[in-house]
Every structure is written in C-alpha cells, then in structure tokens.
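A short write-up of the structure that comes next.
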Amino acid sequence: VQLQASGGGLVQSGWSLRLSCAASGSGFTIKAMGWYRQAPGKQHELVAIITSADSTNYADSVKGRFTISRDNAKNTVYLQMNSLKPEDTAVYYCNALIVAGTVYPYWGQGTELTVSS
C-alpha cells in the first residue's frame, strides 16, 4: 500500500487550501484515514481522522475550520482547510489504518503548508 499526499503550499492567513491523499495497492481495506502534522519544534499531532463509518474527530485547534472527508471509491481522503492561520504552518502527513489480516498503519510522505501572516 502506498499513500500519495498532495496540496500543500504557501498561502496567506485567512486563505483556504485542500490536501489530498490517495491510497494505492491491492488486497486491502481501509479502516480509517487521517491527517497529522508536525510544526517546527513541536510534537507530531493528530489534525483530523475519518473512519470507514464516516465518523470524524478533529484537534480542538482546527475544529470549525478544517473538514476531513473521504472518497471510498478512490481510496482518497481530503482535508479542506479554511481560515488558515500562521500556527497551521507544518508538514502534514497522511495516515491510513489498513486491514490486511491485522491492522497496519501506513504513512504518506509529508506535504508542507506555510501560512504567512
């Protein structure tokens, strides 16, 4: 299984951006997909997660601004980020919990977001 993330960039405060992450491969089932981020000098943190049952969970810092969604047919997860703030600046990583006998976590490459004030 491979995860390919895209959509990062340099934006101004208040702007919107959408991240995408597509899972490819065969013979797997996705239990959940999510986004994590790591800002310079800070710990890796969960941003948002969505399960196969479309249950979602968000970090308090992004509630009301970010929306996670998924296209099951495309094995793709999206993160719509609105009202971006400089503190959202980080490398964003896509994660998927893959069921293949047991549950394995897979990570995509990071995509960098910089929000200027």
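The values are calculated or read from the model by the stated rules, or taken from the named source; none is laboratory data. This is a predicted model, so every value here is computed, not measured. As a convention, Cβ positions derive from the backbone with ideal geometry for all residues, glycine included, and neighbour counts pool all protein chains shown. Surface accessibility is based on the protein's heavy atoms, side chains included, excluding ligands, DNA and RNA. Shrake-Rupley method; radii C 1.70, N 1.55, O 1.52, S 1.80 Å.
Points worth noting:
- Stretch gain in nm, segment LYS74-VAL99, where the contour uses 0.36 nm per residue and the Cα spacing is subtracted: 7.3 nm
- Where labels lie 7 Å past Cα in the beta-carbon direction, separation of TRP107 and ASP54 in nm: 3.1
- Sites matching trypsin sites (Lys or Arg not before Pro) across the range 25-108 that sit in DSSP coil, with at most 11 neighbouring C-beta atoms within 10 Å: LYS42, LYS63
- Taking every protein chain into account, the 1.4 Å probe leaves ASP60 with about 130 Å² of accessible area, to the nearest ten.
- Point-to-point label distance, LEU46-GLN4, nm (Cα→Cβ direction, 7 Å offset): 2.8
- In the chain, the portion of solvent-accessible area held by carbon and sulfur atoms comes to 47 percent [1.4 Å probe, whole percent, DNA, RNA and ligands not counted].
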